[in-house]
Every structure is written in C-alpha cells, then in structure tokens.
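I have placed the structure first, in the form of structure tokens, so that the comments after it can refer back to it.
The values are calculated or read from the model by the stated rules, or taken from the named source; none is laboratory data. Note that this is a predicted model, so its numbers are computed, not measured. Quick reminder, even Gly has a Cβ in these numbers, built from the backbone with ideal geometry, and neighbours come from all protein chains shown. Please note that ligands, DNA and RNA were not included when accessible areas were found on the heavy atoms of the full protein model with its side chains. Shrake-Rupley method; radii C 1.70, N 1.55, O 1.52, S 1.80 Å.
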Amino acid sequence: MAGNSQRRNRRTSNKKGATAGSGGQRRKGLEGRGPTPKAEDRKKHKANRISNAMARQAAKRRPAPRRGGPKGTSEMVVGRNPVFEALRDGVPAVTLYVQQFIDNDERVREALQLAAERGNINLMEAPRPELDRLTGGLNHQGMVLQVPPYEYALPGELTAAAYDNGEDPLIVALDGITDPRNLGAIIRSVSAFGGHGVVVPERRAASMTAGAWKSSAGTAARTPVSRVTNLTRAIQDYKKEGLTIVGLAAEGTHEVHELEQLGGPVVIVIGSEDKGIGRLVGENCDYLVRIPMPGGAESLNAGVAAGVVLYEAARRRATRGRA
C-alpha cells in the first residue's frame, strides 16, 4: 500500500502546468524576456552612449526651419549685357554659367570680374547645348546667370519690424501692378521715405524678378516684400491691427496733402495706372485720396504716384517728430 501511495504522489508531482497557489508564475518564468536588445539600445552601454552622442551631433547639423513667407521661383538672366547689368546692379545670384571656348570680349571679362568680386557666386563652364537646355533655346550669347528664389516676408513681419524700431508702420500694398520695373521703383520709394515694406498679391501681379531687383537699385535687399494669396484679407488683417487703409484713386474724396492719417500707422494702396484699385480692395479702404494734377494729366505712373504719397507721409511724420 505504501508503495502504491508513493507512486501516486510521484505521478501527481510530475503533472505539467502550474501547481495550486503559484498564480502561474512558473509558466511565465519559462516564457523568457524576448530577444536580447541591441547594444546601442541598452542603457548604460557604451554603444548606447555613442549612438546618442551621434544623434545629438546630427541634430545640431540639421538646418533650422526657415522663418518667413513663401519662396518665389528661380530665374535665369540670359545674354552678355543683361548678365553684366544684373551683376552690376546687385541682383542676387547663385551661379554664373559661361560657355566653353566663349569669345572673351569686354562684357564677358567685366561680368566675370564682378562675379569674382562678390565671392559667393559659383562659376560654371558649360558646353553650348547645356546652356541651350537651361534657357529653353534663348539667345544666351554664352552667358547665363541663375537668380535664386526670392524669400518673401509674412505680412505681420512688416508691422513687427516697425514696432520693434519704435515706429508707426508705413506699408504700401499693390493691386494690379504687373510690371516688375514698377514694383522695383516702388520698393525704391518705400526705402527712400522710411517705409517698412511692400505687399503684393500672388496672382496677376508682378513678383520679385531680376527686373524688379534692378529697378529697385539695390534697395530690395533691405526693404521686405510680402506676397499674399488674398490682398483684401491682408488689408482687413492690417485694419484689425489698428492701421489706417488709404487708397489712391482718381475719384478720391480727399487730396493727398489734406489727410492727417498719413502721419500715423498706415497702409497705402496703389492700383494700376489704367484700372486703379479693385472694387473689393477699394471698399475696404478707410479713405480714398487723389493727387491734384493742375497740369491736366489723367494719371501718373504707379511708381511716381507711390513716391508722391510716400513723400507726404514722410513729411507728416517728420513734422510730428519735431513737435
């Protein structure tokens, strides 16, 4: 009997699975902890410290996100005279392409000298078929200058820069100005009379091309331009900030020298010479002003008109500052 009892106990003790009261811990213990982590994933391991250090170094090398508004598109200036004039007038450039075995005339030598003096323009020699491809078959005369995309500012950055300098914002918004030369001339006037920037719409309007840079006579480097998808909405946002919106129109109810508001925080809206400012934009102006022209001219070029109004704004600000 004793022997039978011992055999039954042995059979019971050899049963598979957890015994009563174990809570299944023995089976869990047999399951293991999975595959061994890689050395670089284990804390306090030398490989882990090295991996973390490399990640920190990579983060430092990673460029910071660019602040500001959208970028424009890259542009090519073609031809010996246009390339020389662009370099002479300070148009930004990335690369100067020169055709292999080009005739080394005076314009070529002058352009190469200007590019070398800047020190930040890549000089690339390329065969004629490559320059034909870059320019879409235009008559490049063996010289092509690549202009980088313009970095537009955000509308709020124009007012922020003014307030940072302790000044009332003086901003020009353009409605329907399609000639880059007019845009450049207006930028030049904004810079000359202490303005804080120019706002242009994204569609059906001039953008910051090489022609605009040239007409600005270098002032585009220090006068920001903001490009917006909806000019009316941008004007409304400026109104919410407390800026007065003054539109220039032939049918204006005030003459430009009568409007005291030009001496304060203001957005001056200028339209095209033939169509003026649009209906929606005009409806959002606080005042419409006109420039008296006793000589009988029907209208002024947009760049000239901008200069007249900006002069009056600068005059009032200077008078207020002396008071």
(request) Provide the gained length on full extension for the span R233 to R128, in nm with one decimal, where the gain is 0.36 nm per separating residue minus the Cα-Cα distance. (result) 33.1 nm
(request) Using amide H atoms built 1.01 Å from N in the peptide plane, name the residues 5+ places from E167, or on other chains, whose amide H lies under 5 Å from its own. (result) none
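Summing +1 for each Lys or Arg and -1 for each Asp or Glu, what net charge is found among the other residues whose Cβ lies under 12 Å from the Cβ of E258?
Values: positive: R290, R316; negative: E255, E260, E312.
Net charge around E258: -1.
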(message) Taking θ = phi - 60°, what integer Hz values does the Karplus form 6.51 cos²θ - 1.76 cosθ + 1.60 yield along the stretch 252-258, in sequence order, with x for Gly and Pro?
(response) x, 7, 10, 7, 4, 7, 8
(request) Pull out a ≥ b ≥ c, the square roots of the eigenvalues of the alpha-carbon gyration tensor of the stretch 208-299, then state rounded if a/c is under 1.5, prolate if not and a/b is larger than b/c, and oblate in the remaining case. (result) oblate
(request) Give a residue-ordered list of calculated ³J(HN,Hα) values for the stretch 86-93 (Karplus: 6.51 cos²θ - 1.76 cosθ + 1.60, θ = phi - 60°; whole Hz; x for Gly, Pro). (result) 5, 5, 5, 8, x, 5, x, 8
(message) Using amide H atoms built in the peptide plane, which far-off residues or other-chain residues are under 5 Å from A206 H to H?
(response) I177, T178, D179
(message) Could you compute how much accessible surface R317 exposes when probed at 1.4 Å, giving the result in Å² to the nearest 10?
(response) 40 Å²
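If I stretch the segment between H254 and L300 completely, what's the gain in nm (0.36 nm per residue apart, minus their alpha carbon distance), one decimal?
14.9 nm
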(request) May I ask you to list the aspartates and glutamates whose Cα is less than 20 Å away from that of K275, ignoring any residue fewer than eight positions away on the same chain? (result) D175, D179, E202, E251, E255, E283, D286, E298
(message) Under the rule of at least 5 residues apart or a separate chain, name every residue whose amide H is placed under 5 Å from the amide H of L300.
(response) none
(request) Measure out, as a whole number of angstrom, how far apart the alpha-carbon centroids of the stretch 188-240 and the stretch 107-165 sit. (result) 20 Å
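Would you mind telling me the share, in percent, of accessible area of the stretch 170-312 contributed by carbon and sulfur at probe 1.4 angstrom? Let's see the in-between values first.
Details: 2970 of 6290 Å².
After summing per-atom areas, the C and S share lands at 47 percent.
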